[in-house]
Amino acid sequence: MYNGIGLSTPRGSGTNGYVVRNLSFKKTPTQRVQYEDYEIKKPPAFREPNKDILLHEKKREVEVRCMALRDDLEEHGMAEADIDERVDALRQSLIQKLDQAGTKQAKSLLEHETHKRAEAKQRENDKMMKALGIDRQDYTEGAAFDRDLQEQKKRARIEAHEAAEEERRKTREHRERRRSRSPDDRDLRRRESKSTDNRRSRRHSYSVTLSEKNSNTLKCIRKLLRLAMPVGLSKKKRAGNGKQPTGMANGDSGESGPKKSSKRNVEEYEEDSDSDLDLEGLEIHSADSDQEEVSESDGEEFENSDEGSLLEEGDTGGSKIDGFASESDESEDDEVTPSTPGNADGQYMRPKLPEIHGDYDSDSSTEDVSNTIGNVPLEWYDDYPHIGYDIDGKKVLKPAQGDELEKFLSSMDDPDSWKSVKDDLHGKDIVLNDEELEIIRRIEGGRIPDMDYDPYEPTVEWFTSKPEVMPLSAVPEPKRRFVPSKHEAKRIMKIVRAIREGRIVPRKPKTVRATVYNLWNDDEEPTEANPAHIPAPKMRLPEHDESYNPPEEYLPTEEEKKEWESLDLEDRPKNYLPQRFTSLRLVPAYQRFMQEKFQRCLDLYLAPRVRKNRLNIDPESLIPKLPSPKDLRPFPTIQSLSYVGHTARIRTFAVDPTGLFLVSGSDDGTLRLWEVATTRCLHVWELGDVIHSIAWNPNKDYPCFAVSVGHGQVVIIAPRNICSPEQSLALDAFLKAGFPLSSNDSDSAPKGAQWQKPSEKEETNDLIKIRIQHTQVVKQITWHRKGNYMATVAPDAQNFAILVHDFSKHQTQNPFRKLKGLVQKVIFHPLKPLFFVSTQRYVRVYDLMQQQLVKTLQSGVKWISSIDLHPGGDNVIIGSYDKRLCWFDMDLSSKPYKTLRYHSQAIRQVAFHKRYPLFASCSDDGTIQIFHGMVYNDLLQNPLIVPVKILKGHAVKSSLGALHCEFHPTQPWIFSAGADGTLRLWT
């Protein structure tokens, strides 16, 4: 390698070091950089020095020095043998010092010494990393330029700094509260601390050193007792037999006695005792000194002691509890003296244990267990009003739980609150008895929980430790124990003969294969000598028809033989005809044996073989991780109400914009108005024909709805009992304002529809305001969001299939001269002037302002049955008769974003909720599928679609199930109607 040219290998390269310009190379024009596709590349990796080249250079320097020594000795006339001896000695000494030879600095090296410069640079980097305290294992080159990683580390440092600041702030507040205490309390604390020091000095002689497990147990029990202890101390116990602290008079709150230095010592001692828990002693230290309470009745302040607390045991005098001793008990001796039971002679007597009687009272399995759910997580019952079941299978209801203030007041009124423990299984508090409290005290003190257990009782030697003189058996030793084995001698001699003959070579050196390097690759790692062997494909196994005696069904007929012989060799499915022979001896040789073997050899020689690596992918990882339906509430789950009145199938219904009223139409020719909350039928219209579609005006100022009845008749009805008189007058003015204008423009009106004014009887009794007569049956009615336009769909009317009606002028417009396909549904965009037209397979979006086609959605289904738009207007769902529901993202593509197949029969209706992220579909299988469909404002995040509930209730009649569904405008409820003549509300 010269001047940085060539390959960095020990063998070097065959180049002369000169760079030759390629004159035939044509420079390509530079292209403009696309900054949106530009990615920040990683910094170049540090090139490691080649150790083989460095070693080669060092050995070369050794040989140079040896040659210089040889030349000097030859000039002095020394003998050749002496010269070789001197040169070999120098060579050996220099080779031993190769590892100790130092490396020059990178600045003093020449440019062509690239590997030495790399080694020197590597040593400088190691020194710098060691000086800066950087660990090479944790250090990643280029990590400083990773913005996400640096931002994550910055947030971690900020959180650690905030946590430390919060800890220091709590410590400062804790010390300020200690210093703000009154001098009288300090005097009392000082005397208590002195008495505690005396008790500690006495108890230090028998303090028990606890293991890590026992210390963890003590911490848990200590925390339990702190939670169970009352916060304030009673005045009687705190004062100590009516004595007042020194330096305090009645009504005197000043200092009298202790000096400032003693106050400071007491405060330092209190801080020390509060921060460190005495695990060796038998006393309980309070970990929270902030729990202070002011007695309003006496006006005096009482606080928890850091060294102990006082317990009130009632009027009976109370018993002393470890860790809660009063001043009057300080003189008692706390030493633990184990009692050893014995008789008068001093001999040990084993204590008598209570006898066990074999009756039902001694069996623990007969205990009364109110909750029988067993060992299951109680989180399963968080969403239910009960916490389990009793032995009879009845629900065990949760007890009423108040807030924290009620718990505090109840704990102050209850004298047993300090020894109460919450039982989560039964949801109630259990008061600990004296035996359980004694067990807690003994565990707290580091003693054995069982009071009757004696650790110092003498050992009973069940098995003697003295060896017996006589053996267990007098049978003489067998001969095989001291006679060599002949079988083992034969095996050893067999191995010895193999070693002598050379068949077994002990400590045979391993054969080292020649290391092969790739000259045209920069990697220094050796490669395999031969590529991986790819076996040839196996030949096809013989079938039943190749047998010498095949079954009858495999033998061809005469016609099949003639047909096979008439085909060319390349067109024949098989190269043979099945034949039957009575025995295997009569089978002749195969005529095409040589030809087929030759073709096989050509295939193996000419056909390339490539090894394909199979991907091992876990199928579970391909399934998307969807959130739980419990986290996506609210959504309808159960049937709440049923509206009974229709006698035939209900094809359609509509909900008013306020959500208070519901109108439904059936094949029995009746139209019914319902009150949603009470299921009361407010009005019934006898129209005498099948009702195909109903649509309520979305404008709340115009409370009316349109109904498609019979053969092309559309009726506008305005019920009076659901609106105020002012709204009724405004609605009449809005609907009748266009009659004078429509009479003048009757000649220019399209032939597809005629506006008719109802009679006075119809207007008075049936509340019919307008009649619009079409030429064919109107299958769908939809309103514009402003309520002044209405679109109707009559699929059999050919070019007049889609008509738009203007109520301000009583005019009908035909927006399309020629329609592409059979129209199924239409719908207005909720925000933009766009109009969606759905045919059998496509959904075309038209701009009403520019009067042009904007986009065509390719559904990929056979027949579209329904369509609905998201309230945001950027997402569309369609249902089809081939049981598929397609979700379209208008900003993403013209093809479906998701295709859902959850129904087993044709989908009749799909619907979006106006406020909640919900959409639904109903089908002829009688079910309503509820989905969670969240659409995000971030364009980079796709919509979240999760199936949450299947509602079943409608019966299937004549292969028809749920025919229509629609969400409540304000609540997470859904209405559904079916072929069974029922109208249901799901909440």
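The values are calculated or read from the model by the stated rules, or taken from the named source; none is laboratory data. Remember, predicted model here, so these are calculated numbers, not experimental data. Using ideal geometry, Cβ is built from the backbone for each residue, glycine included, and neighbour counts are taken over all protein chains shown. Keep in mind that these areas ignore ligands, DNA and RNA; they rest on the heavy atoms of the full protein, side chains included. Shrake-Rupley method; radii C 1.70, N 1.55, O 1.52, S 1.80 Å.
Of note:
- Flag if Leu378 is modelled with pLDDT of 80 or more, open to solvent by less than 100 Å² (accessible area, probe 1.4 Å) and over 33 Å from the mean Cα position of the chain (by Cα): no
- In the stretch 913-928, the residues that are under 30 Å from the mean Cα position of the chain (by Cα) and open to solvent by less than 10 Å² (accessible area, probe 1.4 Å): His913, Leu918, Phe919, Ala920, Ser921, Ile928
- Among the residues of the stretch 810-817, at least one is open to solvent by less than 10 Å² (accessible area, probe 1.4 Å), more than 41 Å from the chain's Cα centre (by Cα) and either modelled with pLDDT under 90 or not assigned by the TED database to the domain that holds Val778 (or both).
Yes/no per residue for (1) among the aliphatic types (A, V, I, L, M); (2) within 41 Å of the chain's Cα centre (by Cα); (3) open to solvent by 10 Å² or more (accessible area, probe 1.4 Å):
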position	(1), (2), (3)
Leu632	yes, yes, yes
Ile638	yes, yes, yes
Ser642	no, yes, yes
Thr647	no, no, yes
Arg651	no, no, yes
Ala654	yes, yes, no
Leu660	yes, yes, yes
Asp667	no, no, yes
Leu671	yes, no, no
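- Scan of the stretch 700-725 for residues that are in a loop (DSSP other than H, G, I, E, B) and either among the aromatic types (Phe, Trp, Tyr) or buried (at least 17 other Cβ atoms within 10 Å of the Cβ) (or both), ordered by number: Tyr702, Pro703, Cys704, Gly712, Ala718, Pro719, Ile722, Cys723
- Filtered by the rule that a residue be surrounded by 12 or more Cβ atoms within 10 Å (Cβ to Cβ) and either within 19 Å of Arg592 (Cβ to Cβ) or among the small types (Gly, Ala, Ser) (or both), the stretch 544-574 gives Asp545, Glu546, Ser547, Tyr548, Pro550, Pro556, Lys561, Trp564, Arg572.
- Boolean, Ala749 is within 19 Å of Gly712 (Cβ to Cβ) and modelled with pLDDT of 75 or more: no
- Subset of the stretch 835-852 (residues that are of a type in the set (S, T, N, Q), part of a strand (DSSP E or B) and buried (at least 16 other Cβ atoms within 10 Å of the Cβ)): Ser838
- Among (1) at pLDDT 90 or above; (2) open to solvent by less than 30 Å² (accessible area, probe 1.4 Å); (3) not in a loop (DSSP other than H, G, I, E, B) - the single one Val823 does not satisfy: (3)
- Every residue from the stretch 121-172 that is touching a residue at least 40 places away in the same chain (Cβ under 8 Å) and on the phi > 0 side of the Ramachandran plot: Gly142
- The condition of being assigned to a strand (DSSP E or B) and out of contact with any Lys or Arg (no Cβ under 6 Å at 6 or more places or on another chain) holds for Arg651.
- Scanning the stretch 929-987 for residues that are outside any loop (DSSP other than H, G, I, E, B), over 21 Å from Gly645 (Cβ atoms) and open to solvent by 30 Å² or more (accessible area, probe 1.4 Å) yields Met934, Leu944, Pro947, Lys949, Ile950, Lys952.
For every residue, the table says whether it meets (1) of a type in the set (Ser, Thr, Tyr); (2) crowded, with 21+ Cβ neighbours inside 10 Å; (3) at pLDDT 90 or above; (4) not in a helix (DSSP H, G or I).
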{"position": "Asn765", "(1), (2), (3), (4)": "no, no, no, no"}
{"position": "Ile772", "(1), (2), (3), (4)": "no, yes, no, yes"}
{"position": "Val778", "(1), (2), (3), (4)": "no, yes, yes, yes"}
{"position": "Thr792", "(1), (2), (3), (4)": "yes, yes, yes, yes"}
{"position": "Asp796", "(1), (2), (3), (4)": "no, no, no, no"}
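- Some residue of the stretch 601-623 being under 30 Å from Asp383 (Cβ atoms), open to solvent by 80 Å² or more (accessible area, probe 1.4 Å) and part of a loop (DSSP other than H, G, I, E, B): yes
- Count of the stretch 680-699 residues which are open to solvent by 30 Å² or more (accessible area, probe 1.4 Å) and assigned to a loop (DSSP other than H, G, I, E, B): 6
- Residue check for Gly872: part of a loop (DSSP other than H, G, I, E, B) and among the small types (Gly, Ala, Ser): yes
- For the criterion of being of a type in the set (A, V, I, L, M), free of Cβ contacts under 8 Å to residues at least 60 places away in the same chain, surrounded by fewer than 15 Cβ atoms within 10 Å (Cβ to Cβ) and out of contact with any helix residue (DSSP H, G or I) (no Cβ under 6 Å at 6 or more places or on another chain), Leu857 fails.
- Count of residues meeting criterion [at pLDDT 80 or above, open to solvent by less than 70 Å² (accessible area, probe 1.4 Å) and not in a helix (DSSP H, G or I)] in the stretch 32-77: 3
- Some residue of the stretch 153-161 being at pLDDT 65 or above, surrounded by 11 or more Cβ atoms within 10 Å (Cβ to Cβ), under 30 Å from Lys51 (Cα atoms) and under 50 Å from the mean Cα position of the chain (by Cα): no
- On inspection, Ser894 fails the criterion of being free of Cβ contacts under 8 Å to residues at least 60 places away in the same chain and either assigned to a strand (DSSP E or B) or touching an Asp or Glu at 6+ places or on another chain (Cβ under 8 Å) (or both).
- Between Lys832, Lys855, Lys883, the distinction of being more than 26 Å from Ser923 (Cα to Cα), of a type in the set (Lys, Arg) and part of a loop (DSSP other than H, G, I, E, B) belongs to Lys832 only.
- Condition met for Leu602 (under 30 Å from Asn942 (Cα atoms) and aliphatic (A, V, I, L, M)): no
- Filter pass, Leu983 being of a type in the set (A, V, I, L, M, F, W, C), at pLDDT below 95 and closer than 27 Å to Pro624 by Cα: no
- Residues considered: Gln850, Gln905. Of these, the only one that is without any contact (Cβ under 8 Å) to a residue 60 or more places away in the chain and farther than 20 Å from Arg651 by Cβ is Gln850.
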